[in-house]
1. Expressed as a rounded percentage, what relative contact order does the chain have, with Cα pairs under 8 Å and six or more residues apart?
2. Take residue 329, project a point 7 Å from its Cα along the Cβ direction, then tell me which residues of segment 337-379 have their backbone nitrogen under 19 Å from it.
3. Pull out a ≥ b ≥ c, the square roots of the eigenvalues of the alpha-carbon gyration tensor of segment 140-225, then state rounded if a/c is under 1.5, prolate if not and a/b is larger than b/c, and oblate in the remaining case.
4. Could you work out how far helix 224-237 tilts from the main Cα principal axis of the chain, as a 0 to 90 degree angle to the nearest 10?
5. Going by alpha carbons, how many degrees (0 to 90, nearest 10) lie between the helix axis of 261-276 and the longest principal axis of the chain?
6. Could you list the residues of segment 296-333 with an amide nitrogen less than 13 Å from a label point located 7 Å from the Cα of residue 278 in the Cα-to-C-beta direction?
7. Give me the net charge of residue 68's neighbourhood, meaning all other residues with Cβ under 15 Å from the Cβ of residue 68; Lys, Arg count +1, Asp, Glu -1.
8. Find how many whole Å separate the alpha carbon centroid of segment 302-338 from the alpha carbon centroid of segment 152-207.
Amino acid sequence: MGDDRPAWARRIASERDARNWSQRDAVRALRAHAPGELPADESMLRQWKRWEAGQIPNDFYQPLIAALFGTVTHAIFPAPARRNGDAEILKASGMETLEIVSRLNRSDVDSATLDALRITADRLCSEYPYMPSEQLLIEGRQWLRRVVELHSKSLTLSQHREVLALSGWLALLVGCVEYDTGDRHAAESTRRAALSIATEADHAEVGGWAHEMRAWFALTTGDYRGVIASAQAGAEVASRHGVAVQLAAQEAKAWARLGDRRQVEVALDKGRRLLEGMPHPENLDNHFVVDPAKFDFYAMDCYRLVGEDRLARTLAEEVLRTGTDFDGTERMPMRNAEARVTLGVTAARQGDLEQAIIMGERALEGDRQSVPSLIMTSRELAAEMRRRYATEPAAQDYLAQLRELGKSKPGFLPQ
């Protein structure tokens, strides 16, 4: 018989189980996160049982439960209804593209054209998770070129700043896709251009993301101290923006790879507190928006590295659930791939070579990949394979497959 409880109810039960807590243990731990006295133990225990059975907690308890499990409210509980941004994005796509381009050929630029460009940039950034890299790179570069050419036109001061901001966002997008495809040098040049634009426009958020990209580049090439330096530099620039959450997450990932468990927890908690205090994003698909589900993805990586296998596995399953539609379509293929690597690593550590290989191979199958990130995480699975199953033919086949992927992207060959 299937479990028809809401996803959030199943998750809090799984999170509790991953920590080897009884329901009474969970109630006891919850008290540490409460701002004041909670009802008596027996009353709270009945409440907890109702929550796991599917009765949704009220607004007071939801953030306490999220904090208890080291995440943010809307990573577990459904977010309030938000306006549909998809329709607005579609207004500037498809057949309207020709109209936008024709408007750009005029000697001056009106607010409607800038609005259309803003929506187009948002659409492109929202297609990052699933659009084939080659296609997104072509479109991104085309629109970046068109926007940059606007600087030669007659612009007001506010229009000039708006065009600079749009140039910055598109440069960030192009740089990310260039790096995904293994073109490190182009990506770094584009990132520096975005940072320069951010400085000229005094745009803290674009500047913060340019530093975040540097942290990401450093992470995937093994420069963990460089990750921490870039994350801290970005936080100084954009401490009040969503990118500060991702910067904290990159710092946590670096500390995890340096083996400092205490600093991992500090960085994750910093990011969690920042995200909990921010309004829920309107467009969760935009690559440069940090959504609650993304925070689970960050924590998953860290827990895998520090050996908290049950927590890592629980979060990996949550990442796959939120990154896959009911019909099986993968909305977040790159996140899903890394979640499968996590499941592969935990399976390998538990002695289940067959499941480890299944997960490792599935992670390599997707058409939309961030090759540097995928190789970085797959390298960890490869290390487990060598350590535990070096003489097994199936493990050797997987390692050979991973080496081929590395050879296809010079500079990212797995160690």
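Read the figures in this text as sums done on the coordinates, not as results from a lab. Note that this is a predicted model, so its numbers are computed, not measured. Quick reminder, even Gly has a Cβ in these numbers, built from the backbone with ideal geometry, and neighbours come from all protein chains shown.
1. Averaging sequence separation for qualifying contacts and normalising by length gives 13 percent for the chain.
2. It comes to 337, 366-369, nothing else.
3. Oblate, since a/c reaches 1.5 and b/c is not below a/b.
4. That helix lies at roughly 60 degrees to the long axis.
5. Taking Cα atoms only, the helix is inclined about 60 degrees.
6. Hits in segment 296-333 for residue 278 at 13 Å: 296.
7. Net charge in that neighbourhood comes out at 0.
8. Result: 31 Å between the Cα centres.
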